[in-house]
Amino acid sequence: MANFFNKLLYHDGRGWWDLPRTQWQDPNPEMEGPFGDGIIPIKKAWDFLTAASYHHGTPLFYVVVGVILSIITIVEVWAFNWLFLGGLLIPLMLVLSLGKFVLVVGFFMHLKFDRKYYAWIFTACMVVGIALFVALLLLLEFGHQVQQ
Amino acid sequence: MAASATYEVKNEYGEVINTSTGLSNKKLLMWAFLGSDVMFFGSFIATFLVYRNRSLVGPYPADVLDIPITSVSTFVLLMSSLAMVLALSYIQQGRQKLGTFWIFSVVVLGAIFLLFQVYEFNHFVHLGLTPRTNLFGTTFFILTGLHGAHVTLGVLWLMFLGFGSLKGTLRADNAIDLELAGLYWHFVDIVWIVIFTVIYLISARDVAPPGSPPFVGH
Amino acid sequence: MRLPRIFPRPTSEHGIWSWVSTVDHKRIGTLYAVTSFLWFLVGGVEALLMRLQLSQADSTLIDPETFNQLFTMHGTTMVFLVVMPLSAAFFNWLVPLQIGARDVAFPRLNALSYWIFLFGSLFLNFSWVVGDAPNGGWFGYAPNSHVAYNPTDGMTYWVIGLNILGVASIAAGLNFIVTILNMRAPGMTLTKMPVFTWMTFVTSVLIVLALPVLTVALIQLQVDRLYGTNFYNSAAGGDPVLWQHVFWLFGHPEVYILILPAMGIVSEILPVFSRKPLFGYSFLVFAGVAIGFMGWFVWSHHMFTVGLGPAANSAFAISTMAIAIPTGVKIFNWLGTMWGGSIRFSTAMLFAISFIAMFTIGGLSGVMHASVPTDAQQQDTYFVVAHFHYVLFGGAIMAIFGGIYFWWPKATGYMLSEGWGKANWLIMLIGFNLQFAPQHWLGLDGMPRRVFTYAENMGWENTNMYASAGGFLMALGVLLFIINVFYSARKRVPAGDDPWDGRTLEWTMSSPPPHYNFATIPVVEHRDDFWFKKYPETIAEYYHDDHAGELTAPSGAQFDDDVDMAEDEHAEAHASDHHGDDDHGHGDIHLPDMSYYPFILALGLTIVGAGLMTIIPVIIIGTIVLLWGLIGWSMEPVNDPAPDGAAHGH
Ligand code: HEM
Ligand SMILES: [Cu+2]
């Protein structure tokens, strides 16, 4: 059963949608997955950026992430005035900030590079938390309000 | 027999970790704590959202919130996160001076963020919004105030580490201490990312809910 | 880098200061046990006073205000100062022993948890001294707990006290998560862990995630009460229903925090006295995890009569009924464990068996009020009181007493008297049922809970009289236990290492265990490792497959794949590795040195908490103490360098 899940979720134990892994886990990664060898140049760039220390990124890489974060923030503030989006504005903001969130958690907090255990812990807490609070919001929005 | 064989797992600092998972105790503790803090801030953010548009009197968000100023302080906090990760990277590589420089940059940026917050709080009080005024004031001040308290704690902690790095007690081989502080700091940053979105970007146009008087100022 | 020391680092092993500065998990466990047992007596007295008042109709023995204080403090005490810390006492004593470690992952943090708990509990009960005990119920419903309706300081004590206690619980929870994940002996994969350790793990996760929610609710109420904010101020649009949601969002996981350790204890006792391995280990563990997860999504069953609307009510009714499934699974596991075993009816076993019976009754009444229309009749009546006492006293406390009888010989080195023990068990069981079974009837007849008296013509006098008599019988049972403790302490029948023919690692060492626990860290090959090492011939009998005698975990270990190379084959004696190297004392055994800072830090925290009742100078003093503890702690090495290689601390 667990094997079945491994097969389903991972390609022979390797997530093929994963970004290429770092040298720490995978000194000589084989190219597999949907893009085959086509991904090699990207991978080379990636390795260059993340090769600095044991399993973290290079300073340059972090600066790039920082720039992306700033750009997203600028877009957010700019998009704040796109009133024509109407009801789409909120989802847009949520998606943008989710992007920032993932970048910080994945790269600055090294979850992408680190042992998966940490990612599991944090993700599990996030999932429980979000599920709970969404349920709570729904309850208070559609719950006793209606009865009044 | 396999179980008695010695198998060494090294962590990123090259020290042998013989915990059953191969993970550092401290780092595991920190991540578990952050998971716990997710619930803490989650509850407050949920409270904010529950009470969104439920204030009976003004000022309402649209009367006080100022996106440009807050985006600057948001930017400052984001950059402090960048500085933090650079500090860790340099300390890990043994480039002590650069590392120290970046640690103190985090401290400075964090302090600037706090100054922005102090300014913002003062300004709001000036405009007539206090924690007692209405539900928006209550939820806004307590949530951002507790976030500010987290930032303050992080600034103090990093100052402590910064001096350690100056004196040479924080080095590549015990950079795990800095990494922990870093995790905390980044977490505080992502909480702000959410707060900025929820309170500012999403709610900043909220005016008086139907049935409540608009805010005319004092 | 070192701060000047005001106190020299403690080294003495005896006397009061050795307890104040101890970081030994066994001593901390003892501290937890003794303290919470004292609170158990306090909470019991509160209960008896209420029973006295209720034994007659229209009684005026206790005025309504005091009655409110009594039931509030009784509930709060029993939940936060008794069952939780008593469980923590078991965590502390047993988890390192069961996983083959020399201490928890963070011994000083562990001491900190205890001291915060002690000071927090003292602070909470200090409210009795000033005469304003909390009076808003253990659930503190807003707006009744708001200043407008509750102007005395009681609920402020409650809010701050619980917040302090929350810090202790969270710190302990984090500590045990790391300990259980990281400190297991070689070969002890997750699927070989004793069930008690598993339940500790699930409980710790629940604590770490649920207590922050309570903290938030309390902070909100606290700023409302102290600084006039509007979270629950209905005049400003605040929503009391939000309080109920947030409180029960914490509250339901909390009831599993209370019961899961008890389930773990019972799962250790039953196999030993049935001389059979636990029936369906994986099921039992999985059910525990499932309960821990599902327990998050049932909270609104405490709010069925609020009027959440049919959709919400049905959803929560379904999830509540669904959670009874893993609970039922466990009950059948326990029955299956006893089935066909050669059962010895020791006191511990008797307690464990009555746990199963009483808990089942409580579970059944739980499923009854999981049904919305039924609950409309039962909510806020004595039926609910009967329910939660069947699960909490009949469940948690029975199991804890069983655990005390079971592990007492290990902890002290001598046996508790079985004769007194059985009397203790019998009286307590009878008293318990006499007190709480009639409350089902009372509740269905409409007797409301949390009301200080009832009218004469309701026809409730006799039943209440029985209940009160039962209450005093229970008190007698507890008294018998105390007598037993003193009696056995006089007698001192030596226990030996393994008095019960135990199955898990804690029985491999001497009783009481040496302070370093294991001279050499054991290598674990099986579940119930000790048993199969004692009786290797039984291995084939219980592992009917090719796995017999093999080291690989049979199943279920896959989710661990990220780590199992580290897990199965790492070096021995890992427990000591994070203390740096040294070579004094017992070979490579080294334990962290004692420290005062946890005590100081906890003291500072509590003073700050007390100062929050708007006494600024106290806050300042508290902050200074707090910083002293914090800075001293962070600059104090875990171990002082040994002077000239001389052994110290052991
Ligand atoms: C089969 C599992 C269980 C079910 C289906 C269940 C269901 C319920 C329901 C529906 C209520 C609300 C009753 C009302 O107020 O009208 C309730 C109350 C309560 N339950 Fe349970 N329960 C279960 C197990 C437990 C366990 C294991 C514990 C604790 C160890 C527990 C402790 C409590 C407490 C303390 C209350 C009362 C809270 C209060 O109002 O003060 N329950 N239970
Ligand atoms: Cu419940």
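Read-outs: derived from the displayed coordinates by stated rules, not from any lab. Note that the structure is predicted; figures quoted are calculated from it, not measured. Here the Cβ is made from the backbone with ideal geometry for all residues, glycine too, and neighbour counts use every protein chain on show.
Results, tabulated for the structure shown:
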item	result
Calculated log₁₀ intensity ratio I(q)/I(0) where the Debye formula runs over C-alpha points of the range C:26-491, q = 0.08, 0.10, 0.11, 0.12 Å⁻¹	-0.44, -0.72, -0.88, -1.07
Helix-only CD estimate at 222 nm, as mean residue ellipticity for the protein assembly as shown, using -39500 (n - 2.57) per DSSP H run (n ≥ 4)	-21000 deg cm²/dmol
Residues with amide H under 5 Å from that of C:THR381, placed H, sequence gap 5 or more	C:ARG449
Cα long-axis angle, helix B:96-127 against chain B (0 to 90 degrees, to the nearest 10)	20
Mean Kyte hydropathy of 1.6 or more with a Cα span along the axis of at least 15 Å, helices from DSSP in chain C	C:195-227, C:281-294, C:347-368, C:597-611, C:616-635
FRET efficiency for A:TRP120 and B:LEU56, using Cβ-Cβ distance with R0 set to 35 Å, rounded to 0.05	0.20
Centre separation in Å (Cα based) which lies between the range C:198-247 and the range C:257-300	28
Calculated on alpha-carbon atoms, Rg and Dmax of chain B in Å	21.4, 80
Helix axis angle, B:135-167 relative to chain B longest principal axis, alpha carbon, degrees	30
Nearest-0.05 FRET efficiency for C:ASP501 and C:ILE615, computed from C-beta distance (R0 41 Å)	0.10
Given charges at Cβ of Lys, Arg, Asp, Glu: the range C:26-491 dipole, positive-most of C:GLY431, C:TYR466, C:PHE283	C:PHE283
For peptides C:367-375, C:343-351, B:182-190, B:32-40, sequence by mean Cβ density within 10 Å, most packed first	B:182-190, B:32-40, C:343-351, C:367-375
Cβ crowding within 10 Å averaged over residues, with C:247-255, C:81-89 ranked highest first	C:81-89, C:247-255
Mean projected area (nm²) of the alpha-carbon convex hull when the protein assembly as shown is viewed from all directions	41.6
Too-long pairs where the Cα-Cα distance tops 19 Å, listed order kept, from C:LYS26/C:LYS422; B:LYS97/B:LYS167; C:LYS276/C:LYS534; A:LYS116/C:LYS192; C:LYS26/C:LYS533; B:LYS26/B:LYS167	C:LYS26/C:LYS422; A:LYS116/C:LYS192; C:LYS26/C:LYS533; B:LYS26/B:LYS167
Simple label model, 7 Å out from Cα along Cβ direction - C:VAL34 to C:THR538, nm	3.6
Simple label model, 7 Å out from Cα along Cβ direction - B:HIS126 to A:TRP82, nm	3.3
Helix B:25-50 axis, angle to chain B major axis (alpha carbon atoms, nearest 10°)	10
Peptide-level mean, for C:104-112, of C-beta atoms on other protein chains within 10 Å	1
Inter-centroid distance (Cα atoms) of the range B:101-156 relative to the range C:150-188, Å	27
Hz values of 3J(HN,Hα) by residue in the range B:80-93 - Karplus curve (6.51, -1.76, 1.60), Gly and Pro given as x	5, 5, 4, 4, 4, 5, 5, 4, 4, 4, 5, 4, 4, 7
B:VAL108 versus C:ALA322: modelled label distance in nm, points set 7 Å from Cα along the beta carbon direction	5.4
Spatial separation of Cα centroids for the range A:96-135 and the range C:432-507, in angstrom	46
Sites C:ASP445 and C:ILE16 - FRET efficiency at Förster radius 51 Å, r taken between beta-carbons, to 0.05	0.45
Interchain or long-range residues, amide H under 5 Å from C:TYR414's placed H	C:ALA495
Shape call, the range B:178-218: gyration tensor on alpha carbons, a/c limit 1.5	prolate
